[in-house]
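Taking it in order: structure first as structure tokens, then the write-up.
The values are calculated or read from the model by the stated rules, or taken from the named source; none is laboratory data. Given the structure is predicted, the values throughout are model-derived calculations rather than measurements. As a convention, Cβ positions derive from the backbone with ideal geometry for all residues, glycine included, and neighbour counts pool all protein chains shown. Side chains included, ligands, DNA and RNA excluded: accessible areas come from the protein's heavy atoms. Shrake-Rupley method; radii C 1.70, N 1.55, O 1.52, S 1.80 Å.
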Amino acid sequence: SDTSVPPARVRPLTCAETRRGDRRVVRSLGDSTVHVSATAPRGRGRRHPLSPSRACPQVSAARHDATFGFSAVFDAGTSQEAVFEGSGMRELVELAIGGFACTVFAFGQTGSGKTYTLMGPLAQSEAQPAAPCVLGLMQRSFACLLEQSRGAGLALSASYVEIYNEQVRDLLSPGPPCALPLRWSKSRGFYVENQLSVEFESLEGITELLLEGSRRRRSSAHALNKHSSRSHALLTVHVRSRARGAGGQGTLCFVDLAGSERVKDTGSAGELCVEANNINRSLLALGHCISLLAKPRGKRAHVPYRDSKLTRLLARALGGSGVTLMVACVSPSSRCLSETLSTLRYASRARSVTTRP
Ligand code: ADP
Ligand code: MG
């Protein structure tokens, strides 16, 4: 069995945060710890959708002074390349090539840098591709996969789906989005029926699939993040041997979670509010599954993967035979203090989840 110890990333303050005078209250002390230090107004702690328990015993209500340990900590100045090399992502790519089911996801509140960590700032148009230095874990993994599969007789293909309002939709098939059924079988576990899987042989090929799918993803502007994703997106690369009769295939799944959010803070109303509730429902279910999985096997109650589409699709990654890398993303801003503390606490809980790859 393998213990997944998550790394954490603290993004820099954004221009908007600096302009409105937010203070930086989250720092790395350079020894794989994250230090949170702030004086906050007294008040009732708010509940984070990813953490079922709201109690935070190490910190007092007024003075927050807490230190959390991780496998690695990437502070504001850390490059995308250093995150790729330091997070264990390269090892995960190698495991996928070796036939394991691998999953990586970033989690944290809206605007904490999850999408940036996974794919960088996506190119606005084909004429303006993103600079190589800001490419995220996904593009770097694709390059690594392609390099290693060359000459090794491996075929690579990709599928890309989103979970939007508790419906699974194919992001690669042309035309208006239609819901795909989520099924279960003894040999495959939960799987999406009829999802498109497209072969690729070059970095341009898979980058185009990523852009095409991301454009289809529903996004709408709201107060916290102009380009906030309103859906959870799962891009899976399937690694298969071209040799006839070679059994088993490795997979590498990238999960871009929609952010947890409080309806009040984002000014969501109407349709946006329904979306927010569905997003939070999946994240609550995910948080619940992970906290159960973190208990010793003997003391563990039934893990309710069936509570949401997201947890069904991640069932194998979380508790089964997969290898999973989680990256905890937090904002350094004083305004995000309570969400940041919840994410860090949640991340230190997730580190004790074990799987049997
Ligand atoms: P999330 O996906 O968690 O909602 P984003 O990845 O969209 O958050 O990040 C929110 C904003 O912060 C974006 O404008 C993004 O470009 C910026 N950002 C996030 N992480 C970093 C980073 N490490 N360096 C520079 N900018 C970042
Ligand atoms: Mg995002």
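A few points about this structure:
For (1) at pLDDT below 95; (2) within 16 Å of ligand 1 (Cβ to nearest atom); (3) over 16 Å from the mean Cα position of the chain (by Cα), each residue gets a yes or a no:
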{"position": "GLU91", "(1), (2), (3)": "yes, no, yes"}
{"position": "CYS102", "(1), (2), (3)": "yes, no, no"}
{"position": "ALA131", "(1), (2), (3)": "yes, yes, yes"}
{"position": "TYR164", "(1), (2), (3)": "yes, yes, no"}
{"position": "VAL168", "(1), (2), (3)": "yes, no, yes"}
{"position": "LEU182", "(1), (2), (3)": "yes, no, yes"}
{"position": "TYR191", "(1), (2), (3)": "yes, no, yes"}
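- The residues listed here are GLY108, GLY98; of these, the one that is away from ligand 1 (no atom under 12 Å from the Cβ) and within 30 Å of GLY319 (Cβ to Cβ) is GLY98.
- Looking only at the range 5-33, residues that are at positive phi, at pLDDT 90 or above and touching a Phe, Trp or Tyr at 6+ places or on another chain (Cβ under 6 Å) come to 0 in all.
- Answer residue from the range 294-313, given it is free of Cβ contacts under 8 Å to residues at least 40 places away in the same chain and either under 18 Å from the mean Cα position of the chain (by Cα) or in a helix (DSSP H, G or I) (or both) and is surrounded by the fewest Cβ atoms within 10 Å (Cβ to Cβ) among those: GLY298
- The requirement of being in contact with a Gly (Cβ under 7 Å, 6 or more places away or on another chain), more than 16 Å from ligand 2 (Cβ to nearest atom) and at pLDDT below 95 is fulfilled somewhere in the range 68-86, by at least one residue.
- Residues that are aliphatic (A, V, I, L, M) and at pLDDT 90 or above, drawn from the range 212-240: ALA233, LEU234, LEU235, VAL237, VAL239
- Qualifying residue in the range 179-192 (condition: more than 22 Å from LYS309 (Cβ to Cβ) and open to solvent by 30 Å² or more (accessible area, probe 1.4 Å)): no
- Matching option when the condition is crowded, with 20+ Cβ neighbours inside 10 Å, away from ligand 1 (no atom under 16 Å from the Cβ) and not β-branched (Val, Ile, Thr), among LEU118, LEU137, LEU145: LEU145
- Long-range neighbours under 8 Å by Cβ, at least six apart or interchain, first residue under 18 Å from SER141 (Cβ atoms) within the range 101-121, second assigned to a strand (DSSP E or B) and within 8 Å of ligand 2 (Cβ to nearest atom): PHE105/ASP256; ALA106/ASP256; LYS114/ASP256; THR115/SER229; THR115/ASP256; LEU118/ASP256; MET119/ASP256
- Subset of the range 155-178 that is in contact (Cβ under 8 Å) with a residue 40 or more places away in the chain and among the acidic types (Asp, Glu) - its residue that is least open to solvent (accessible area, probe 1.4 Å): GLU162
Listed here are the residues, each with its yes/no results for (1) under 17 Å from LEU235 (Cβ atoms); (2) basic (Lys, Arg).
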{"site": "VAL93", "(1), (2)": "yes, no"}
{"site": "VAL134", "(1), (2)": "no, no"}
{"site": "LEU137", "(1), (2)": "yes, no"}
{"site": "ARG140", "(1), (2)": "yes, yes"}
{"site": "LEU154", "(1), (2)": "no, no"}
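- Residues of the range 321-354 satisfying the condition of being open to solvent by less than 30 Å² (accessible area, probe 1.4 Å) and over 24 Å from THR78 (Cβ atoms): GLY322, VAL353
- Taken together, the residues in the range 314-337 that are at pLDDT below 85 and either of a type in the set (Ser, Thr, Tyr) or within 15 Å of the chain's Cα centre (by Cα) (or both) amount to 3.
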